[in-house]
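One structure below.
Bear in mind these aren't lab numbers, they're just calculated from the coordinates by the rules spelled out. What you see is a predicted model, and the numbers here were worked out from it, not measured in a lab. Heads up, the Cβs are rebuilt from the backbone with ideal geometry, glycines too, and the neighbour counts pull from every protein chain shown.
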Amino acid sequence: MAGNLPPISPLARLVRSEAFPGILLVASALFAIAVANSPWSEGWSHLWHADFAIRLGDAAIQKSVAHWINDGLMVLFFFFVGLEIKHEVLDGELRTFRRAALPVAAAIGGMAVPAAIYAAVVGLHGDPAAMRGWGIPMATDIAFALGVLALLGKRVPPSLKVFLASLAIADDLGAVMVIAIFYTDEIAWQYLGIGAAVLAASFTANKLGVRKTWPYVVLGLLLWALFLQSGVHATIAGVALALTIPARRKLDEVEFTARGRALLDEFDRVGDPDPLTNAQQLEVVHELQQHACAVQAPLQRMEHALHGLIAYFIVPVFALANAGVDVRVGLADAIEHPAAHGVAAGLLLGKPLGVLVATWLAWRLLRCPLPEGTTWRHLHGVAWLAGIGFTMSLFIDSLAFAGMPAAFEASKVAILAASGVAGTIGFLVLRGAPAAKR
């Protein structure tokens, strides 16, 4: 009985909360910064720059540990982002113009204005090399932003979380397009061509009704290896593959319910007094498991399977590998470097301004209704939360300033500082808003 279950400990309650992925992400970043400024900083840096090779016969792919995280593990992150985008477009807040217009407009404003402000600030310094970082302040970290929102609990209406998630997903799509178009230097067309054929095979498998996940996993691994050699960043392979994953289930609710009840009745019928499940019952259970799998689309199964891996492992590991910065050196560089000025201005001025103005224009000109139960103060707070760049901004920073350590480190400091300030202001603005009516 439920009344006899042991109480959930505070730690277990925290781990299960919506805020925990954001808390874990921040903790990972703070730990990386602390170690990078400790006597163990040299060993910490060596850990991430140590070479690691994968060999298959005479063929080998050798990269540093940090590169394996950024080019390997982050492919799963972007694959998950692609699944979320497809889910929202087909069956979520982005499926109709009326639903999508407000968060998409907010996302567009939140990308265009920060990029423009970055370009203007760096342009004033007259540093053409620093201009490569214009994409850095465009990004919103969905885990961090939703984590801050979750800390406010019932003070904010549920619709605000949906709005922020939809905005961040649309923002992620924009970031992926920016990476694919503007942060790809050289293309090996032969590998890209074979990759396109693999994508076509995945799309064909979808259309032919293949609903098991393993064929898509095999095609995904092949696609990743090809994109890794193509010059187009491997993370784009994750998003591209996600868009080919079937979103339709094999079994509908009526058939599942009828067959499920029949199987449960059969399970009872073939039972015996023995406390162990007998062979006939195990056969019924196996068939019931297959039906439970068939009533979920592969897209839903993959989303569910990857969520914990992404939130509790991949994103925190990415933060550990990329957030560490020597504050003494990095802060000095950030104070002087145009890229850091542009990033800080883009995230702290461009993001809130772009999101808020674009939202107001969509509300005013397109007659888009505000999320249910929200006020402009709520949207003001969310506009600040959109200024938390963090994961995606750090990722774009690594692409924009590869081979430019001073610009990379200075921008990293600006990202971390600006994200912290934006998150704090957003939290305080929303905390002071009237409590949501239930």
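If R0 is 51 Å, the Cβ-Cβ spacing of residue 293 and residue 98 corresponds to a FRET efficiency of close to 0.90. The order of the peptides 66-75, 151-160, 113-122 by mean Cβ neighbours within 10 Å, most packed first, is 113-122, 66-75, 151-160.
Specify whether the C-alpha gyration tensor of the range 68-125 places it in the rounded, prolate or oblate class, a ≥ b ≥ c being the square roots of the eigenvalues: rounded for a/c under 1.5, otherwise prolate if a/b is larger than b/c and oblate if not. Oblate, because a/c is 1.5 or more while a/b does not exceed b/c. How high is the FRET efficiency between residue 279 and residue 116 when r is their beta carbon distance and R₀ equals 56 Å, given to the nearest 0.05? Approximately 0.25, to the nearest 0.05.
Only Lys, Arg, Asp and Glu carry charge here, each on its Cβ (+1 for the first two, -1 for the last two); on that basis the chain has a dipole of about 1420 debye about its Cα centre. Find the relative contact order for the range 316-438 and round it to a whole percent, using C-alpha pairs within less than 8 Å whose residues are 6+ positions apart. Result for the range 316-438 is 41 percent.
Between 265, 185, 333, the Gaussian network model of the chain with springs among Cα atoms under 10 angstrom shows the greatest mean-square fluctuation at 265. When the Cα gyration tensor is reduced to axis lengths a ≥ b ≥ c, the ratio a/c is 1.5 or higher for the range 26-138, and with a/b not above b/c it is classed as oblate. When the C-alpha to C-alpha distance is required to be over 25 Å, the pairs from 63/351; 161/351; 86/412 that qualify are 63/351; 86/412. Relative to the Cα centre, the charge distribution of the range 19-107, modelled as +1 at Lys and Arg Cβ and -1 at Asp and Glu Cβ, gives a dipole magnitude of about 280 debye. Summarising the amide proton neighbourhood of residue 64: residues at separation of 5 or more, or on other chains, whose placed amide H is nearer than 5 Å comprise 52.
State which helices in the chain qualify, where a helix is a whole DSSP H run, it must extend 20 Å or more along its own axis by its Cα atoms, and its mean Kyte-Doolittle hydropathy must be at least -0.5. The qualifying helices are 20-36, 74-91, 97-125, 158-182, 189-207, 214-230, 279-294, 351-365, 405-431. Hey, what D do you get for the chain in µm²/s if you plug the Kirkwood alpha-carbon radius into Stokes-Einstein at 4 °C and 1.567 mPa s? Reported coefficient: 55 µm²/s. Structure remark: mean-square fluctuation, Gaussian network model of the chain, C-alpha springs under 10 Å; the largest value among 93, 283, 42 belongs to 283. Dividing the helix sum by the residues of the chain, where each DSSP H run of 4 or more adds -39500 (n - 2.57), gives a mean residue ellipticity at 222 nm of -22000 deg cm²/dmol. When a/c reaches 1.5 or more, the comparison of a/b and b/c decides; with that in mind, is the range 280-397 rounded, prolate or oblate per its Cα gyration tensor? Oblate, since a/c reaches 1.5 and b/c is not below a/b. With a Förster radius of 45 Å applied to the C-beta separation of residue 366 and residue 131, the computed FRET efficiency comes to 0.85. Take each peptide in 386-392, 287-293, 171-177, count the other Cβ atoms within 10 Å of every residue, and average; sorted highest first, the result is 386-392, 171-177, 287-293.
Across the chain, C-alpha contacts under 8 Å between residues 6 or more apart give a mean separation that, scaled by the residue count, equals a relative contact order of 29 percent. Relative protection proxy for 320-332, 126-138, from highest mean packing down: 126-138, 320-332 (other beta-carbon atoms within 10 angstrom).
Fully extending the segment from residue 270 to residue 27 would add 82.2 nm, taking 0.36 nm per residue of separation and subtracting the current Cα-Cα distance. Excluding same-chain neighbours fewer than eight residues apart, the lysines reachable from residue 154 by a Cα-Cα span under 21 Å are 437.
Annotation for the range 238-311 versus the range 178-219: alpha-carbon center distance of 28 Å. The charge dipole of the range 168-308, taken about its Cα centre with unit charges on the Cβ of Lys, Arg, Asp and Glu (plus for the first two, minus for the last two), comes to roughly 420 debye.
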